[in-house]
Amino acid sequence: MKIAIGGMVEPGSTRVNKTGSWRIYRPLYHRDKCIKCGICSMLCPDSSVKAQEDGYVIFDYEYCKGCGICAYECPKDAIEMVLEEK
Amino acid sequence: MSRLAPGHRGCPGCCDAMAANFVLEAAGDDIIVVSPTGCLEVMTTPYPESAWEVPWIHSLFENAASVAAGIESALKALGRKGNTKIIALAGDGATMDIGTLGLSGAFERGHDITYVCIDNEAYMNTGVQRSGGTPYGASTTTSPTGKESFGNRTQKKNMPAIMAAHGAPYVTTTSISYPKDMMRKVKKAVDIEGPCYIHAHAPCSTGWRFESSRTVEIGKLAVETALWPLYEIEYSEITGVKKIKNRKPVEDYLKAQGRFKHLFTKEGGEKEIAKIQDIADWNVKHYELE
Ligand SMILES: Cc1ncc(C[n+]2csc(CCOP(=O)(O)OP(=O)(O)O)c2C)c(N)n1
Ligand code: SF4
Ligand code: SF4
Ligand code: SF4
Ligand SMILES: [Mg+2]
């Protein structure tokens, strides 16, 4: 491997690594229960829950590792962890 | 506001990633981040990739504060400091053991930097060895529980007190389980001129042995039992404290984690738990938490 001067790398380049393949449980979103509080998107360590303009959230299954924090912390049980089917 | 890009190699539910995200959200985009060696550095930047989208530098395990101070001095000398914030994001091992000398020097000289210790209470990146941040009674790979041993024999070092003794304009504790508290304090610190120190408690599911989904809950229990008090210190005076209503017994915190399991299964464990309760009681008295 050739190393760039100063070991410089491109910003955000970890995106090539699709960590969604790590997942054992998948967050399943019950939109009808969601109160748009934004707790899930704030907490996600993998920036894989994003609030949309209307306040509802979308999950990025390309990267979500299935840690379950969003589901555990959701005040309205609007996120359920279900076994991943591969 | 930028956060870490996805695709980093942090464990599912990584506390270091959460801490970094809160700092990034609060501090804005005009920042330069320094990370010493540790989980945050290793998992965000496996060469030739990086999860950072702000200027970021890693040099060594022991010199994050010195590198941050050097960047600040260089920008000032070049007349290019402007409003750019220089932030070090470092582990407890990097901060409370190997990097303390450089950190103390940087605060003594009064550089305009914000230093955040992400305290997951052991050397996680090399396999959970004890550090000066490991609490009394925790089992780690270098303070294992066994026939005679009840885990770590030393108390958690009071690092914020050491930093406050430098007379810094702002020293504070926080926790990744209180993102709003943490973001408010980061914002306050970066806006203050001079060296500021933030000590963020960060429950690590891998090292502390609990389900990753409970990361936030465990951090809240540390605060609710008074084992991790939240306070602010300005120029060596305590100026803010988060009061605790209906304090919980330390057992509630300890029993939720594998690293303390032996305290509940081994004969004599109650005595050790009582010692840990004493630490919480001392915190309540000392920081007037109730
Ligand atoms: C001088 C030196 N000694 C030891 C190491 C090995 N090492 C790399 S990361 C690490 C642990 C870091 O622990 P901490 O600062 O608490 O951060 P964490 O990984 O827990 O987030 C150690 C011991 C090193 N890289 N350099
Ligand atoms: S935490 Fe729950 S209620 Fe809040 S935005 Fe997320 S899904 Fe909706
Ligand atoms: S399960 Fe974990 S990684 Fe996946 S979206 Fe929820 S918080 Fe993020
Ligand atoms: S060991 Fe802990 S700090 Fe390190 S990557 Fe895993 S969860 Fe994060
Ligand atoms: Mg650590």
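List of remarks:
- Residue that is on the phi > 0 side of the Ramachandran plot, at the interface with chain B (Cβ under 8 Å from one of its Cβ atoms) and surrounded by 20 or more Cβ atoms within 10 Å (Cβ to Cβ), where the choices are A:66, A:7, A:12: A:66
- Answer from B:102, B:93 - the residue that is free of Cβ contacts under 8 Å to residues at least 60 places away in the same chain, more than 16 Å from ligand 3 (Cβ to nearest atom) and crowded, with 24+ Cβ neighbours inside 10 Å: B:93
- Counted residues, segment B:213-240 - those being under 19 Å from residue B:185 (Cα atoms), touching an Asp or Glu at 6+ places or on another chain (Cβ under 6 Å) and not polar (S, T, N, Q): 2
- Helices (runs of 4 or more DSSP H) contained entirely in segment B:246-290, each with at least 3 residues that are within 23 Å of the chain's Cα centre (by Cα) and closer than 20 Å to residue B:143 by Cβ: B:250-254, B:269-286
- Taken over segment A:74-86, the criterion of being surrounded by fewer than 20 Cβ atoms within 10 Å (Cβ to Cβ) and within 14 Å of the chain's Cα centre (by Cα) is satisfied by A:80, A:81.
- Residue A:27 being surrounded by 18 or more Cβ atoms within 10 Å (Cβ to Cβ) and in a strand (DSSP E or B): yes
- Pair list, Cβ under 9 Å, 6 or more apart: segment B:3-14 residue of a type in the set (Phe, Trp, Tyr), other residue within 14 Å of ligand 4 (Cβ to nearest atom): none
- Residue match in segment B:27-43 (condition: β-branched (Val, Ile, Thr), facing another protein chain (nearest Cβ under 9 Å), assigned to a helix (DSSP H, G or I) and within 16 Å of ligand 5 (Cβ to nearest atom)): no
- Picking from residues in segment B:108-136 that are in a loop (DSSP other than H, G, I, E, B) and hydrophobic (A, V, I, L, M, F, W, C), the one that is nearest to ligand 4 (Cβ to nearest atom) is B:124.
- If the condition is being assigned to a helix (DSSP H, G or I) and without any contact (Cβ under 8 Å) to a residue 24 or more places away in the chain, then segment A:42-86 contributes A:42, A:72.
No value in this document is a laboratory result; all are computed from the given coordinates. As the structure is a prediction and not an experimental result, all values here were calculated from the model. Note that each Cβ is placed from the backbone with ideal geometry, even for glycine, and that neighbours are counted across all protein chains shown.
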